[in-house]
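What follows is a single structure, written as C-alpha coordinates, with notes after it.
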Amino acid sequence: MSESGAVATSPAVLRDQLVDIATASNPGLTTNLPGTLIEDIVSTDVGALTIIDQARVETINSISPYGANLFMLNQLGRIYGVSQSQADNVSVNVVFSGTPGYVIDAGVIVSDGSYQYVTQSSTVINSLGYSEQVYCIASVSGTWSVPANTVINIVSSIPSGVIISVNNPAVGIPPQEAQTPEEYRKAVMDAGKIAATGMAQAIKTYIKNVSGVVSHLVSVQQRSDTWKVIVKGGDPQEVAYAIWQSCGDPGILGGATAGGTTVDVTIYDVPDSYVLTFIIPVQQLAGVQITWNTNNTNLISNETINSLCSQPIADYINGLGPGQPINIYEIQYVFQESIKSVLPPAYVINIEVLVYIDGFIIPPETDTGIVLGDQEGYFYAGSEDITTVRG
(Lines give C-alpha, C1' and ligand atoms only; values in the text may rest on other atoms or scores of the structure.)
Protein backbone atom coordinates (compact mmCIF):
# COMPACT_ATOMS: atom_id res chain seq x y z
CA MET A 1 0.00 0.00 0.00
CA SER A 2 1.23 3.47 -0.89
CA GLU A 3 -0.25 6.93 -0.34
CA SER A 4 -2.12 6.38 -3.60
CA GLY A 5 -3.59 3.07 -2.46
CA ALA A 6 -2.80 -0.50 -3.37
CA VAL A 7 0.02 -0.94 -5.89
CA ALA A 8 0.25 -3.77 -8.40
CA THR A 9 3.06 -6.32 -7.92
CA SER A 10 5.38 -6.62 -10.90
CA PRO A 11 5.25 -9.87 -12.95
CA ALA A 12 8.95 -10.54 -12.12
CA VAL A 13 8.23 -10.49 -8.37
CA LEU A 14 5.16 -12.68 -8.83
CA ARG A 15 7.26 -15.19 -10.80
CA ASP A 16 9.92 -15.29 -8.11
CA GLN A 17 7.30 -15.89 -5.42
CA LEU A 18 5.69 -18.66 -7.47
CA VAL A 19 9.02 -20.39 -8.12
CA ASP A 20 10.00 -20.12 -4.43
CA ILE A 21 6.78 -21.87 -3.43
CA ALA A 22 7.20 -24.58 -6.07
CA THR A 23 10.88 -25.32 -5.30
CA ALA A 24 10.20 -25.38 -1.55
CA SER A 25 8.10 -28.51 -2.01
CA ASN A 26 10.11 -29.87 -4.97
CA PRO A 27 13.85 -29.30 -4.34
CA GLY A 28 15.90 -29.13 -7.53
CA LEU A 29 12.96 -28.13 -9.72
CA THR A 30 14.14 -26.23 -12.81
CA THR A 31 11.66 -23.67 -14.11
CA ASN A 32 13.67 -21.49 -16.47
CA LEU A 33 14.59 -23.85 -19.30
CA PRO A 34 13.03 -22.45 -22.51
CA GLY A 35 10.57 -24.67 -24.32
CA THR A 36 9.92 -27.03 -21.44
CA LEU A 37 6.49 -27.87 -20.11
CA ILE A 38 7.40 -26.61 -16.63
CA GLU A 39 8.55 -23.23 -17.97
CA ASP A 40 5.35 -22.96 -20.02
CA ILE A 41 3.24 -23.65 -16.92
CA VAL A 42 5.19 -21.07 -14.90
CA SER A 43 4.70 -18.39 -17.59
CA THR A 44 0.99 -19.16 -17.83
CA ASP A 45 0.58 -19.06 -14.05
CA VAL A 46 2.41 -15.73 -13.82
CA GLY A 47 -0.07 -14.30 -16.33
CA ALA A 48 -2.96 -15.55 -14.18
CA LEU A 49 -1.36 -14.16 -11.02
CA THR A 50 -0.93 -10.77 -12.69
CA ILE A 51 -4.67 -10.64 -13.46
CA ILE A 52 -5.53 -11.73 -9.91
CA ASP A 53 -3.18 -9.16 -8.42
CA GLN A 54 -4.70 -6.40 -10.54
CA ALA A 55 -8.16 -7.42 -9.30
CA ARG A 56 -6.84 -7.10 -5.74
CA VAL A 57 -5.58 -3.58 -6.49
CA GLU A 58 -8.84 -2.48 -8.12
CA THR A 59 -10.95 -3.90 -5.30
CA ILE A 60 -8.97 -2.17 -2.55
CA ASN A 61 -8.76 1.12 -4.41
CA SER A 62 -12.51 1.07 -5.13
CA ILE A 63 -13.37 1.31 -1.42
CA SER A 64 -13.95 5.04 -1.79
CA PRO A 65 -16.85 7.14 -3.12
CA TYR A 66 -14.45 8.41 -5.77
CA GLY A 67 -13.80 5.05 -7.41
CA ALA A 68 -16.29 2.52 -6.05
CA ASN A 69 -18.21 0.37 -8.48
CA LEU A 70 -22.00 0.63 -8.23
CA PHE A 71 -22.35 -2.30 -5.81
CA MET A 72 -19.66 -0.93 -3.49
CA LEU A 73 -21.07 2.59 -3.83
CA ASN A 74 -24.47 1.36 -2.66
CA GLN A 75 -22.83 -0.30 0.35
CA LEU A 76 -21.07 2.95 1.24
CA GLY A 77 -24.37 4.77 0.77
CA ARG A 78 -26.03 2.47 3.29
CA ILE A 79 -23.32 3.29 5.82
CA TYR A 80 -24.00 7.02 5.37
CA GLY A 81 -27.79 6.56 5.18
CA VAL A 82 -28.05 7.74 1.56
CA SER A 83 -30.06 5.73 -0.96
CA GLN A 84 -30.13 6.21 -4.72
CA SER A 85 -33.35 8.07 -5.55
CA GLN A 86 -35.71 6.69 -8.15
CA ALA A 87 -37.87 8.46 -10.71
CA ASP A 88 -40.99 10.30 -9.49
CA ASN A 89 -44.10 11.57 -11.26
CA VAL A 90 -45.22 15.19 -11.28
CA SER A 91 -45.99 16.25 -7.70
CA VAL A 92 -47.65 19.13 -5.88
CA ASN A 93 -48.18 20.36 -2.31
CA VAL A 94 -51.79 21.12 -1.37
CA VAL A 95 -53.60 22.59 1.62
CA PHE A 96 -57.03 21.39 2.71
CA SER A 97 -59.49 23.71 4.41
CA GLY A 98 -62.88 23.17 5.98
CA THR A 99 -64.37 21.49 9.03
CA PRO A 100 -61.90 21.61 11.97
CA GLY A 101 -60.82 18.23 13.26
CA TYR A 102 -61.53 16.36 10.04
CA VAL A 103 -58.75 13.88 9.18
CA ILE A 104 -57.62 13.59 5.58
CA ASP A 105 -56.09 10.16 5.11
CA ALA A 106 -53.23 9.22 2.84
CA GLY A 107 -54.58 8.15 -0.54
CA VAL A 108 -57.10 10.96 -1.01
CA ILE A 109 -57.34 11.92 -4.68
CA VAL A 110 -57.36 15.57 -5.76
CA SER A 111 -57.36 17.02 -9.26
CA ASP A 112 -56.68 20.11 -11.37
CA GLY A 113 -59.37 19.11 -13.83
CA SER A 114 -56.94 17.33 -16.14
CA TYR A 115 -54.76 15.16 -13.90
CA GLN A 116 -55.24 13.44 -10.57
CA TYR A 117 -52.85 13.53 -7.61
CA VAL A 118 -52.77 11.24 -4.57
CA THR A 119 -51.94 12.41 -1.04
CA GLN A 120 -48.90 10.61 0.38
CA SER A 121 -49.54 11.21 4.09
CA SER A 122 -52.45 11.97 6.38
CA THR A 123 -53.23 15.35 7.88
CA VAL A 124 -55.93 17.05 9.91
CA ILE A 125 -57.85 20.32 9.63
CA ASN A 126 -56.73 22.48 12.56
CA SER A 127 -58.87 24.80 14.68
CA LEU A 128 -58.31 27.63 12.19
CA GLY A 129 -59.79 25.52 9.42
CA TYR A 130 -56.57 24.67 7.54
CA SER A 131 -54.30 21.65 7.23
CA GLU A 132 -50.55 21.54 6.88
CA GLN A 133 -49.25 21.24 3.35
CA VAL A 134 -49.66 17.71 2.03
CA TYR A 135 -47.43 16.17 -0.63
CA CYS A 136 -49.29 14.63 -3.58
CA ILE A 137 -47.98 12.58 -6.52
CA ALA A 138 -49.63 12.32 -9.94
CA SER A 139 -51.34 9.01 -10.62
CA VAL A 140 -49.88 8.82 -14.14
CA SER A 141 -46.44 9.50 -15.56
CA GLY A 142 -45.65 12.31 -17.95
CA THR A 143 -44.60 15.94 -17.97
CA TRP A 144 -46.91 18.93 -17.57
CA SER A 145 -47.06 22.15 -15.60
CA VAL A 146 -49.17 22.64 -12.47
CA PRO A 147 -49.77 26.37 -11.95
CA ALA A 148 -50.54 27.63 -8.46
CA ASN A 149 -54.20 27.62 -7.36
CA THR A 150 -55.30 25.06 -9.95
CA VAL A 151 -55.58 21.86 -7.89
CA ILE A 152 -59.00 22.71 -6.48
CA ASN A 153 -61.04 19.52 -6.93
CA ILE A 154 -61.43 16.63 -4.48
CA VAL A 155 -62.16 13.41 -6.36
CA SER A 156 -62.41 11.11 -3.35
CA SER A 157 -65.81 10.95 -1.60
CA ILE A 158 -66.37 13.19 1.43
CA PRO A 159 -68.89 12.31 4.18
CA SER A 160 -72.09 14.34 4.25
CA GLY A 161 -72.01 17.21 6.70
CA VAL A 162 -68.28 17.77 6.18
CA ILE A 163 -67.14 20.78 4.18
CA ILE A 164 -63.69 20.38 2.65
CA SER A 165 -61.87 22.24 -0.12
CA VAL A 166 -58.35 22.02 -1.48
CA ASN A 167 -55.83 24.31 -3.16
CA ASN A 168 -52.16 24.34 -4.13
CA PRO A 169 -50.53 27.60 -2.99
CA ALA A 170 -47.43 27.04 -5.13
CA VAL A 171 -46.66 25.63 -8.57
CA GLY A 172 -46.19 21.89 -8.92
CA ILE A 173 -42.90 20.04 -9.20
CA PRO A 174 -41.79 18.53 -12.53
CA PRO A 175 -41.15 14.77 -12.65
CA GLN A 176 -37.79 13.80 -11.23
CA GLU A 177 -35.58 11.45 -13.20
CA ALA A 178 -33.86 8.60 -11.42
CA GLN A 179 -30.58 9.67 -9.84
CA THR A 180 -27.63 8.88 -12.09
CA PRO A 181 -24.62 6.99 -10.72
CA GLU A 182 -22.62 10.21 -10.92
CA GLU A 183 -25.24 12.17 -8.95
CA TYR A 184 -25.50 9.38 -6.40
CA ARG A 185 -21.71 9.26 -6.05
CA LYS A 186 -21.71 12.98 -5.19
CA ALA A 187 -24.54 12.44 -2.67
CA VAL A 188 -22.55 9.69 -0.95
CA MET A 189 -19.46 11.89 -0.83
CA ASP A 190 -21.49 14.80 0.59
CA ALA A 191 -22.94 12.49 3.25
CA GLY A 192 -19.44 11.48 4.27
CA LYS A 193 -18.49 15.12 4.83
CA ILE A 194 -21.21 15.80 7.42
CA ALA A 195 -19.02 15.34 10.49
CA ALA A 196 -16.34 17.62 9.07
CA THR A 197 -18.43 20.39 7.53
CA GLY A 198 -21.12 21.04 10.11
CA MET A 199 -24.84 21.70 10.32
CA ALA A 200 -25.54 23.30 6.94
CA GLN A 201 -24.01 20.39 5.03
CA ALA A 202 -25.84 17.91 7.26
CA ILE A 203 -29.22 19.57 6.64
CA LYS A 204 -28.68 19.59 2.87
CA THR A 205 -27.59 15.96 2.82
CA TYR A 206 -30.56 14.70 4.84
CA ILE A 207 -33.09 16.75 2.87
CA LYS A 208 -31.74 15.69 -0.52
CA ASN A 209 -32.34 12.08 0.51
CA VAL A 210 -36.09 12.74 0.81
CA SER A 211 -38.05 11.37 -2.13
CA GLY A 212 -39.36 14.07 -4.45
CA VAL A 213 -37.00 16.81 -3.33
CA VAL A 214 -35.37 18.73 -6.21
CA SER A 215 -31.75 18.49 -5.12
CA HIS A 216 -30.50 21.71 -6.70
CA LEU A 217 -33.38 23.64 -5.13
CA VAL A 218 -32.21 23.01 -1.57
CA SER A 219 -30.50 25.89 0.18
CA VAL A 220 -29.46 26.71 3.75
CA GLN A 221 -29.03 30.47 4.06
CA GLN A 222 -27.69 32.34 7.09
CA ARG A 223 -29.57 35.57 7.76
CA SER A 224 -28.46 37.62 10.81
CA ASP A 225 -29.53 35.51 13.80
CA THR A 226 -31.59 32.91 11.90
CA TRP A 227 -31.08 30.19 9.32
CA LYS A 228 -33.42 29.76 6.37
CA VAL A 229 -33.88 26.24 5.02
CA ILE A 230 -35.31 26.45 1.50
CA VAL A 231 -36.69 23.27 -0.08
CA LYS A 232 -38.61 22.54 -3.28
CA GLY A 233 -40.46 19.24 -3.44
CA GLY A 234 -40.88 16.31 -1.09
CA ASP A 235 -43.43 15.45 1.56
CA PRO A 236 -43.41 18.33 4.13
CA GLN A 237 -43.48 15.85 7.01
CA GLU A 238 -40.47 13.97 5.64
CA VAL A 239 -38.62 17.22 4.91
CA ALA A 240 -39.25 18.42 8.48
CA TYR A 241 -38.09 15.11 9.90
CA ALA A 242 -34.89 15.34 7.83
CA ILE A 243 -34.25 18.81 9.25
CA TRP A 244 -34.95 17.58 12.77
CA GLN A 245 -32.37 14.80 12.32
CA SER A 246 -29.68 17.21 11.17
CA CYS A 247 -30.33 20.58 12.84
CA GLY A 248 -28.82 21.08 16.25
CA ASP A 249 -31.31 23.75 17.37
CA PRO A 250 -34.72 24.00 15.65
CA GLY A 251 -35.20 27.38 17.34
CA ILE A 252 -32.74 29.04 14.97
CA LEU A 253 -34.86 28.25 11.88
CA GLY A 254 -36.60 31.27 10.37
CA GLY A 255 -39.58 31.63 8.05
CA ALA A 256 -40.04 33.48 4.78
CA THR A 257 -39.44 37.25 4.61
CA ALA A 258 -39.67 37.66 0.81
CA GLY A 259 -41.47 35.60 -1.82
CA GLY A 260 -41.21 32.15 -0.27
CA THR A 261 -43.90 30.27 1.64
CA THR A 262 -43.31 29.38 5.30
CA VAL A 263 -44.10 25.82 6.35
CA ASP A 264 -44.28 24.84 10.03
CA VAL A 265 -44.41 21.13 10.85
CA THR A 266 -44.58 19.63 14.33
CA ILE A 267 -42.38 16.61 14.95
CA TYR A 268 -43.24 14.44 17.94
CA ASP A 269 -40.56 12.61 19.91
CA VAL A 270 -42.54 11.53 22.97
CA PRO A 271 -42.78 13.12 25.44
CA ASP A 272 -41.49 16.15 23.53
CA SER A 273 -42.54 17.95 20.37
CA TYR A 274 -40.63 20.31 18.11
CA VAL A 275 -41.75 22.81 15.47
CA LEU A 276 -39.61 22.67 12.35
CA THR A 277 -39.76 25.62 9.96
CA PHE A 278 -38.69 25.65 6.34
CA ILE A 279 -39.48 27.66 3.21
CA ILE A 280 -40.91 26.59 -0.13
CA PRO A 281 -39.24 28.84 -2.74
CA VAL A 282 -41.27 30.98 -5.12
CA GLN A 283 -40.90 30.27 -8.84
CA GLN A 284 -39.82 33.23 -10.98
CA LEU A 285 -40.37 32.99 -14.71
CA ALA A 286 -37.24 34.04 -16.56
CA GLY A 287 -36.68 34.96 -20.17
CA VAL A 288 -33.63 35.97 -22.16
CA GLN A 289 -33.27 37.95 -25.37
CA ILE A 290 -29.89 37.79 -27.07
CA THR A 291 -28.92 40.24 -29.77
CA TRP A 292 -26.01 38.80 -31.75
CA ASN A 293 -24.01 39.47 -34.87
CA THR A 294 -21.13 38.08 -36.88
CA ASN A 295 -18.61 39.08 -39.51
CA ASN A 296 -18.80 35.60 -41.05
CA THR A 297 -19.79 35.87 -44.70
CA ASN A 298 -21.55 32.51 -44.67
CA LEU A 299 -25.33 32.72 -44.49
CA ILE A 300 -26.41 31.80 -40.94
CA SER A 301 -30.07 32.29 -40.09
CA ASN A 302 -31.30 33.63 -36.78
CA GLU A 303 -33.64 30.63 -36.58
CA THR A 304 -30.68 28.25 -36.67
CA ILE A 305 -28.90 30.17 -33.93
CA ASN A 306 -32.03 30.20 -31.78
CA SER A 307 -32.65 26.47 -32.21
CA LEU A 308 -29.09 25.71 -31.07
CA CYS A 309 -28.85 28.02 -28.06
CA SER A 310 -32.36 28.16 -26.56
CA GLN A 311 -32.37 24.85 -24.69
CA PRO A 312 -28.79 25.09 -23.32
CA ILE A 313 -29.48 28.59 -21.97
CA ALA A 314 -32.79 27.43 -20.45
CA ASP A 315 -30.95 24.49 -18.86
CA TYR A 316 -28.41 26.88 -17.34
CA ILE A 317 -31.18 29.03 -15.83
CA ASN A 318 -33.14 26.03 -14.56
CA GLY A 319 -30.04 24.65 -12.88
CA LEU A 320 -29.62 27.68 -10.62
CA GLY A 321 -30.33 27.22 -6.92
CA PRO A 322 -32.53 29.33 -4.62
CA GLY A 323 -31.30 32.90 -4.46
CA GLN A 324 -28.57 32.25 -7.04
CA PRO A 325 -28.35 35.11 -9.59
CA ILE A 326 -28.39 34.87 -13.36
CA ASN A 327 -24.92 35.62 -14.71
CA ILE A 328 -24.96 37.41 -18.06
CA TYR A 329 -21.36 36.42 -18.76
CA GLU A 330 -22.26 32.78 -18.22
CA ILE A 331 -25.15 33.15 -20.68
CA GLN A 332 -22.74 34.63 -23.22
CA TYR A 333 -20.43 31.64 -22.72
CA VAL A 334 -23.26 29.11 -23.06
CA PHE A 335 -24.45 30.93 -26.18
CA GLN A 336 -21.04 30.73 -27.85
CA GLU A 337 -20.51 27.09 -26.88
CA SER A 338 -23.93 26.02 -28.15
CA ILE A 339 -23.58 27.64 -31.60
CA LYS A 340 -19.89 26.98 -32.30
CA SER A 341 -20.72 24.10 -34.66
CA VAL A 342 -22.10 26.67 -37.14
CA LEU A 343 -20.51 29.87 -35.87
CA PRO A 344 -17.11 29.66 -34.14
CA PRO A 345 -16.58 32.17 -31.29
CA ALA A 346 -13.89 33.98 -33.28
CA TYR A 347 -16.58 35.18 -35.73
CA VAL A 348 -19.04 36.45 -33.10
CA ILE A 349 -18.73 40.25 -32.92
CA ASN A 350 -21.69 41.11 -30.70
CA ILE A 351 -23.59 39.48 -27.84
CA GLU A 352 -26.05 41.63 -25.90
CA VAL A 353 -28.19 39.99 -23.23
CA LEU A 354 -31.50 41.19 -21.81
CA VAL A 355 -32.97 39.28 -18.87
CA TYR A 356 -36.69 39.25 -18.09
CA ILE A 357 -38.09 38.19 -14.71
CA ASP A 358 -41.85 37.69 -14.55
CA GLY A 359 -42.19 39.73 -17.74
CA PHE A 360 -40.07 42.74 -16.70
CA ILE A 361 -36.59 43.61 -17.95
CA ILE A 362 -34.22 43.45 -14.96
CA PRO A 363 -30.82 45.11 -15.44
CA PRO A 364 -27.68 43.64 -13.86
CA GLU A 365 -26.36 44.99 -10.59
CA THR A 366 -24.09 48.02 -10.93
CA ASP A 367 -20.57 47.18 -12.18
CA THR A 368 -21.46 43.49 -12.42
CA GLY A 369 -22.98 41.03 -14.84
CA ILE A 370 -25.37 39.42 -12.39
CA VAL A 371 -29.14 39.76 -12.31
CA LEU A 372 -30.69 39.17 -8.90
CA GLY A 373 -34.00 37.54 -8.16
CA ASP A 374 -35.83 36.78 -4.94
CA GLN A 375 -33.47 35.32 -2.34
CA GLU A 376 -36.22 32.85 -1.50
CA GLY A 377 -36.98 32.01 -5.12
CA TYR A 378 -35.69 30.14 -8.11
CA PHE A 379 -35.79 30.78 -11.84
CA TYR A 380 -37.61 28.76 -14.48
CA ALA A 381 -37.35 29.18 -18.24
CA GLY A 382 -38.56 27.10 -21.16
CA SER A 383 -36.73 26.99 -24.47
CA GLU A 384 -39.50 29.18 -25.89
CA ASP A 385 -38.52 31.88 -23.37
CA ILE A 386 -35.07 32.24 -24.98
CA THR A 387 -35.16 34.44 -28.08
CA THR A 388 -32.45 35.73 -30.39
CA VAL A 389 -32.21 38.71 -32.69
CA ARG A 390 -29.48 39.38 -35.21
CA GLY A 391 -28.30 42.94 -35.03
Please identify the pairs in which a residue from the range 1-15 that is of a type in the set (D, E, K, R) has its Cβ atom under 9 Å from the Cβ atom of a residue that is assigned to a helix (DSSP H, G or I), counting only partners at least 6 apart or on another chain.
-> R15/V42; R15/S43; R15/D45; R15/V46; R15/L49
Out of all the residues in the range 92-103, is one or more free of Cβ contacts under 8 Å to residues at least 60 places away in the same chain, of a type outside the set (F, W, Y) and either surrounded by 15 or more Cβ atoms within 10 Å (Cβ to Cβ) or touching a strand residue (DSSP E or B) at 6+ places or on another chain (Cβ under 6 Å) (or both)?
-> yes
Within the range 201-243, which residues are over 15 Å from K186 (Cα atoms), outside any loop (DSSP other than H, G, I, E, B) and of a type in the set (K, R)?
-> R223, K228
Of the conditions (1) at pLDDT 85 or above; (2) of a type in the set (D, E); (3) surrounded by 18 or more Cβ atoms within 10 Å (Cβ to Cβ), D190 fails just one. Which one is it?
-> (1)
Identify, please: which residue in the range 138-158 is surrounded by fewer than 19 Cβ atoms within 10 Å (Cβ to Cβ) and among the β-branched types (V, I, T) and is, among those, farthest from I173 (Cα to Cα)?
-> I158
Only one of Q332, Q324 is within 25 Å of S215 (Cα to Cα) and surrounded by 13 or more Cβ atoms within 10 Å (Cβ to Cβ), namely Q324
Residue count for the range 117-131, restricted to those that are touching an Asp or Glu at 6+ places or on another chain (Cβ under 7 Å) and under 16 Å from I267 (Cα atoms) | 3
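Give I279, I357, I267, I361 a once-over and let me know the one that is surrounded by 13 or more Cβ atoms within 10 Å (Cβ to Cβ), among the β-branched types (V, I, T) and closer than 23 Å to G382 by Cβ.
I357
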Expected single match for under 29 Å from the mean Cα position of the chain (by Cα) and among the β-branched types (V, I, T) among V57, V92 is V92
Among the residues of the range 370-380, is there at least one that is more than 30 Å from A242 (Cα to Cα) and not hydroxyl-bearing (S, T, Y)?
-> yes
Can you spot a residue in the range 249-259 that is outside any strand (DSSP E or B) and assigned by TED's automatic domain parsing to the domain that holds V355?
-> no
Is it the case that the range 59-82 has a residue that's in contact (Cβ under 8 Å) with a residue 24 or more places away in the chain, part of a loop (DSSP other than H, G, I, E, B) and within 30 Å of A170 (Cβ to Cβ)?
-> yes
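Answer yes or no as to whether G212 is within 15 Å of S83 (Cα to Cα), surrounded by 16 or more Cβ atoms within 10 Å (Cβ to Cβ) and not charged (D, E, K, R).
Yes: the conditions hold for G212.
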Given (1) more than 21 Å from I317 (Cα to Cα); (2) in contact (Cβ under 8 Å) with a residue 60 or more places away in the chain; (3) in contact with a Gly (Cβ under 6 Å, 6 or more places away or on another chain), where does T291 come up short, assuming only one miss?
-> (1)
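The values are calculated or read from the model by the stated rules, or taken from the named source; none is laboratory data. Everything quoted here is computed from the prediction, not taken from an experiment. Cβ atoms come from the backbone with ideal geometry, glycine included; neighbour counts cover every protein chain shown.
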